[in-house]
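Contents: one structure, followed by commentary.
A short reminder: the numbers here are calculations on the coordinates, not readings from a lab. Computed from a predicted model, the values in this text were never measured in an experiment. So basically every Cβ, Gly included, is an ideal-geometry build from the backbone, and we count neighbours across all protein chains shown.
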Amino acid sequence: MIRRLVHRVLRLFGLVSARRHERLARELEAVSKKYSQAKEASKAWEKRARQHSELQVHLKSAQVALKEANQQTRRLERANAGGDRKLKVLQGRLGDVDLLRRTLPGTDRELSMARDHLMAIEAKLDILEGAANVLDLRTRRHVIPTSG
Amino acid sequence: MSSTFARGGTSSQRPARAHLPESAPPPLVSVVLTGRNDGYGGDFVGRFIRTLRFNHQHLRERGVPHEFVFIEWAPRSGVPLLAEVVLGELPELDPGVCSWFVVDPAYQSALSLNPRLEYMEFAAKNVGIRRARGRFILTSNCDVVLGREVLERLAKAELDDGKIYRALRLDLKLGADYGALSWDVLEDIRNVEGRVGRLKPPLMTGGAGDFILADRLTYLRLQGFNEVYRLTRFGLDANFLVKAHSAGVPIEDIGGPVYHINHAGSYRLSRRMYAGREAEAPYGDTRWPAFAVVYDNPPTWGLALAPARHLSHRCWRLEFSWSAVPPMVGLKGIATARPSTPVATRAL
């Protein structure tokens, strides 16, 4: 009883027995240890949470990229289909070009002939114009001016 | 139609041989020249006499049988005939080597389709071609001096029938006093105006009016120079070569130059004066398709039917007659030039 009383008085002055002190120190150490562990665990969870957030961001970007890729794929498919159509058209035109190339020398000859004929016509027109001018001059010389 | 190289011509008529002076045996070459006493280009008579004297002397020295066929086209009134002046100055031009034809001025007005055209040089040359007697005919000009190589070819008579020979023209500088012409003067490159060019095949045009040499039959087959397009004298020489080429007649460089004594009023010097008003030029408009068309002259080309009056020994005057004048318009006589067609395939 006295012993308990002494302990209480000592406790009032902040003193404990060595045995108790030792026990309390052990408990404190254990608690400290648990606290440290809890803190580390908390940090790990924080890290995981961050990683999770980052992963979510990446996931969203990946989803966007995937969406764009899908759109591009569709565009490419459409372009491919258009290219095929154009290729067919071009192949058709290539045939036209071949045909034109085959007919070109003949057309060139015809053009040259037409040009030559045009020049011959030009020369003939010169002759007609010259003759008309000469006849005009001769007529004027023979016309007697009449006064009104 | 007596066309020989005429396109589509079917007639086999030969052109009438018009008033050929018949006496001495035909020479190897007839040199056809034209001019009149009008002071063309300054001292025309002086240039002509010096040139004629030089050419005659060198042809004679080399023993080339030759004659000069001179066409005095539409002489001016009030001045002596060129024939009187020249034959007086050159007594060595005996009647055996010279035929002179004075053409009534009425032919110039009757033939011309261009009132500004002062001188129908090639119609005049046609008169000479039809009356030349030589085996070969050289159409040239009064101020063109024959070069050494040309004289040598004539001397050796190394000329083929059925071929046209051309010579490069070198212009002697204007204003220089050449005195009596000599080889030293002619062959001194310092006296040559501009750069020395070359004749370009196949046509070899460029100053062709100064030298076209061919056998007489070829000239007759080709019907001389164009008498259908009578609006210009520019390009009619080239047009003759186009017709020859189109008819398959080969055109060849004779191998040496001729020399032209430059003068005021020459086309070379006066063309700039008429830039932009080509139609007003006294030599006719230069802008006609001389390289694209050929012609089929009327059968009377070269004033074949012109009545000739004897003036003196070997000198005739061609009096005016409408029967000698071709139709004013002969549109069928103009056709497009075609690439070489062998002469043999053409109706002669």
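Structure notes:
- Relative intensity, log₁₀ I(q)/I(0), of the protein assembly as shown from a Debye sum that treats every alpha carbon as a point, q = 0.07, 0.11, 0.13 Å⁻¹: -0.50, -0.96, -1.26
- Candidate lysines for bridging to A:K33, where Cα separation is under 18 Å - those fewer than 8 sequence places away on the same chain excluded: A:K43
- Close amide H contacts of B:V31 (hydrogens built in the peptide plane, cut-off under 5 Å, sequence separation of 5 or more or a different chain): B:E67, B:F68, B:V69, B:L138.
- Whole-number percent relative contact order across the stretch B:102-254, with pairs defined as alpha carbons under 8 Å at least 6 apart: 38
- Computed P(r) (all Cα pairs; the stretch A:1-54; 5 Å bins; percent): 6, 15, 14, 12, 10, 9, 8, 7, 6, 5, 4, 2, 1
- Cross-link partners of B:K173 among aspartates and glutamates, defined as those whose alpha carbon lies under 18 angstrom from its own and excluding same-chain residues fewer than eight positions apart: B:D43, B:D143, B:D184, B:E187, B:D188, B:E193, B:D210.
- Looking at the protein assembly as shown alone, DSSP beta bridges between its own residues are antiparallel in about 40 percent of cases.
- Given +1 at the Cβ of Lys and Arg, -1 at the Cβ of Asp and Glu and no other charges, the dipole of the stretch B:58-161 around its Cα centre is 260 debye to the nearest 20.
- Under the simplified labelling scheme, the B:E84-A:R75 pair shows an inter-label distance of 10.1 nm, with each label point 7 Å from Cα along Cα→Cβ.
- Neighbour-count order for B:V79, A:V64, fewest beta carbons within 10 angstrom listed first: A:V64, B:V79
- Contact order for chain B, expressed relative to its length and based on alpha carbon pairs under 8 Å spaced 6+ residues apart, stands at 26 percent.
- FRET efficiency, B:L311 to B:A106 (Cβ-Cβ, R0 25 Å, nearest 0.05): 0.90
- Most mobile listed residue (A:R11, A:R74, A:R102) in chain A, GNM with C-alpha springs under 10 Å: A:R11
- For the stretch B:189-202, Karplus couplings with θ = phi - 60° (6.51, -1.76, 1.60), whole Hz, Gly/Pro x: 4, 5, 8, 8, 7, x, 8, 7, x, 8, 7, 9, x, x
- Ranked by how many other Cβ atoms sit within 10 Å of their own Cβ, fewest first, the residues B:M204, B:M328, A:M119 fall in the order B:M328, A:M119, B:M204.
- Amide H within-cut-off set for B:T205, under 5 Å, with H built and near neighbours excluded: B:K200
- Residues of type lysines that B:K200 reaches as a straight line, Cα spacing below 22 Å, ignoring anything fewer than 8 places off in the same chain: B:K163, B:K243
- 15 Å reach of a label modelled at A:R138, 7 Å along Cα-to-Cβ, counting backbone N of the stretch B:87-109: B:106-109
- Taking label positions 7 Å along the Cα-Cβ direction at both B:A264 and B:R62, the computed distance is 3.5 nm, reported to one decimal.
- If you take the Cα centroid of the stretch B:118-157 and the Cα centroid of the stretch A:21-99, the two points sit 100 Å apart.
- Over chain A, dividing the summed -39,500 (n - 2.57) contributions of all DSSP H runs of at least 4 residues by the number of residues returns a 222 nm mean residue ellipticity of -35000 deg cm²/dmol.
- Built amide H within the under 5 Å cut-off of B:L318, gap 5+: B:V102, B:V103, B:D104, B:R309
- Shielding of B:281-291 by partner chains, average beta-carbon count, 10 Å: 2
- Each principal axis of the Cα cloud of chain B was taken in turn, and the coordinate range along them, longest first, works out to 52, 46, 43 Å.
- Working ranking of peptides A:24-37, B:249-262, B:213-226 by packing, defined as the average number of other Cβ atoms within 10 Å per residue, highest first, is B:213-226, B:249-262, A:24-37.
- Label-reachable residues, the stretch A:8-41, where backbone N falls under 17 Å from a point 7 Å from A:Q51's Cα toward its Cβ: A:40-41
- In this label model, A:Y35 and A:R93 are separated by 8.3 nm, measuring between points 7 Å along each Cα→Cβ vector.
- Residues B:W183, B:W100 in ascending order of nearby Cβ atoms (within 10 Å, fewest first): B:W183, B:W100.
- For the stretch A:6-18, 3J(HN,Hα) computed residue by residue from phi via the Karplus equation (6.51, -1.76, 1.60; θ = phi - 60°) reads 4, 5, 6, 4, 5, 4, 4, 8, x, 10, 10, 6, 4 Hz, glycine and proline entered as x.
- Here the extension length gained between B:E319 and B:I189 equals 42.3 nm, from 0.36 nm per residue of separation less the Cα-Cα distance.
- Once C-alpha pairs closer than 8 Å and six or more residues apart are averaged by separation and normalised to the residue number of the stretch B:200-245, the relative contact order reads 56 percent.
- Computing FRET efficiency as 1/(1 + (r/R0)^6) for A:L125 and B:K173, where r is the C-beta to C-beta distance and R0 is 45 Å, gives about 0.65.
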